[in-house]
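Derivation of every value follows stated rules applied to the coordinates shown; laboratory data play no part. Quick caveat: nothing in here was measured; it's all calculated off a predicted structure. Cβ placement follows ideal geometry from the backbone for every residue including glycine, while neighbour counts extend to all protein chains displayed.
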Amino acid sequence: MFAPMTGTGWMSRSRYLVCLLALAAAGCAVTPDVRTDSAAGVDFKQFRTFSFLPSLSTDRAGYHTLVSQQLTFSTRRELEVRGLEFVADPAKADVLVNFHTDVSEQLRVRTVPDPWVGSSYWNHRRGHYGPWRGHSTWPGPSSRIEVDQVSQGRLSVDVIDRKQNMLVWEGVASQRLTQRTMSGLGPEMDNAVHLIFRQFPVLPTL
């Protein structure tokens, strides 16, 4: 018979299970693919204030959508921790920010092994010895082609020099959309904005 687990043993086992679950969740998480680019010769430290375009590309029918509200909230946090000050009037800002989102459908083609249905005639030979010269080779495991339709989401963040009316920096995050990401779209967008601005030329000061 097994001895009952003591309090210390139970706590150790609990911590072990929590670590396993955390690692499993991290392995299942979908991380955005982020890329950024900037105009040559621009000194980003000269910019002190920021605002948003009066009509964002993520707005619809003249009003701020929930997507626009989430993106402006997250972007304002990222720029303010980098020392830039938000101004409500876009005409008084050094830089303006705009967003764009889109979803594309892609086909993913992959070769997968057929499911195991039990032992076959060739199993007693395969992996142990080969045929004589001239004899047909043992057939390998069968496989099949699978074609899946995958939804790919993309978020673009544009930073515009207002006086020059010129794009000076852009950040793009691409991510495969799953049921999990769609059900938690707000936190997913917030995380994407954070990852994009980690590559912004101005580092956080707070």
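Length gained on full extension, Thr31 to Glu80: 15.2 nm, using 0.36 nm per residue less the C-alpha separation. Take each peptide in 35-45, 172-182, count the other Cβ atoms within 10 Å of every residue, and average; sorted highest first, the result is 172-182, 35-45.
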